[in-house]
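The values are calculated or read from the model by the stated rules, or taken from the named source; none is laboratory data. Small disclaimer: the values here were computed from a predicted structure and weren't measured. FYI the Cβ positions are ideal-geometry reconstructions off the backbone, even for glycines, and counts take in every protein chain you see. All accessible areas refer to the heavy atoms of the entire protein, side chains included, with ligands and DNA or RNA removed. Shrake-Rupley method; radii C 1.70, N 1.55, O 1.52, S 1.80 Å.
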Amino acid sequence: MLGNHGYALANRMLHHREDAADAVQDSMHQMFRKSNSFDARRGSIKAWFLTIVRNRCIDMHRRSTPRSGDDDFDPMDEK
């Protein structure tokens, strides 16, 4: 059930099925690795997992988007 919700969120954020599946898989792995940090007083496990998925999608998006100006800069180009 968590995986389905996570996939739906990741797919909406990334607009790419394979990347969404990778984000969910990475998020599940992280959730199990850090399961001792879950605090039920702060929210449900579903909310915690979706936060992990959201953060993973943001990280993936940042890594795939070139920063503005990086591709155009050439230090040897003197105009």
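For the stretch 28-63, which positions are among the aromatic types (Phe, Trp, Tyr) and in a helix (DSSP H, G or I)? Residues satisfying the conditions are PHE32, TRP48, PHE49.
Inspection of the stretch 7-23 finds a residue satisfying the criterion of being under 12 Å from CYS57 (Cβ atoms), within 13 Å of the chain's Cα centre (by Cα), charged (D, E, K, R) and surrounded by fewer than 15 Cβ atoms within 10 Å (Cβ to Cβ).
Can you find even one residue in the stretch 51-62 that is touching a His at 6+ places or on another chain (Cβ under 9 Å), touching a residue at least 12 places away in the same chain (Cβ under 8 Å) and under 13 Å from LEU2 (Cα atoms)? Looking through the stretch 51-62, at least one residue is touching a His at 6+ places or on another chain (Cβ under 9 Å), touching a residue at least 12 places away in the same chain (Cβ under 8 Å) and under 13 Å from LEU2 (Cα atoms). Considering only the stretch 32-48, I want to know if a residue exists there that is modelled with pLDDT of 95 or more, open to solvent by 60 Å² or more (accessible area, probe 1.4 Å) and under 13 Å from the mean Cα position of the chain (by Cα). No, that holds for no residue.
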